[in-house]
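Below is one structure, written out as structure tokens, with a few remarks after it.
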Amino acid sequence: MSLPSKKALKTERWGGNEIGVSGLVGSWGNSPQFGLRGVLPLSRFLAFRVGWIFMFHLKGEESYNLSTFTLDLIVRLPSPYRALRYYAVTRLDFWPLWNFFNTNPAVSKISTQPTFGLSVLAGIEGFLLPRVSWFLESGFSSGMVIGFAPIRRPYEAFGFVIQSGFQTYF
């Protein structure tokens, strides 16, 4: 009786469906962003993700600090490589846009009431270690198009999203 090789044992665990936590950096439109998110598996090919993103925007002398909460549905696609995973994301963005950490006292809110938008993203996740991956996502977001309050700045209505970070699975 032979034991499985060390490589076989390692690759079987890569990309498991465990609960995950990640940090990310990127941009939405022309606004830099960073955030945290958690992933909960629903099945082998579906996962639910909850995130919080802090965005800051510098335009002239004004600085706007935006905070958004996201709910994502992830569809994981088959991959011929164990160390790579492709996926698509449909995301609902909640934009309360409060000056969350009071980093800019001049801005209390961008909009007077909550707004929300939709995002569609595609991503790739490369496993560096069995339970640690690096990811890259890009796509488009409708931003604050749907909501209860007027949009005061036109560049917030639609944007190209790109974000990257590290994900840890438990």
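What follows is calculated from the coordinates using simple rules that are stated; it is not laboratory data. Keep in mind that what you see is a predicted model, and the values were worked out from it rather than measured. Cβ coordinates were reconstructed from backbone atoms using ideal geometry, including for glycine residues, and neighbour counts include every protein chain displayed.
Return the sequence-ordered ³J(HN,Hα) values of the range 83-93 in whole Hz as given by the Karplus equation 6.51 cos²θ - 1.76 cosθ + 1.60 applied to θ = phi - 60°, using x for Gly and Pro.
Per residue, the Karplus-derived 3J(HN,Hα) values read 7, 10, 9, 9, 7, 10, 10, 10, 10, 9, 9 Hz.
Please list, ordered by chain and number, the residues whose modelled amide H lies under 5 Å from the amide H of LEU46; skip anything fewer than 5 residues away on the same chain.
ARG76
Could you compute the FRET efficiency for GLU18 and ILE124, with r as their C-beta to C-beta distance and R0 at 22 Å, rounded to 0.05?
It comes out at approximately 0.70.
Tell me the label-point distance for the pair ARG131, ALA88, using the 7 Å Cα-to-Cβ offset, in nm and rounded to one decimal.
3.2 nm
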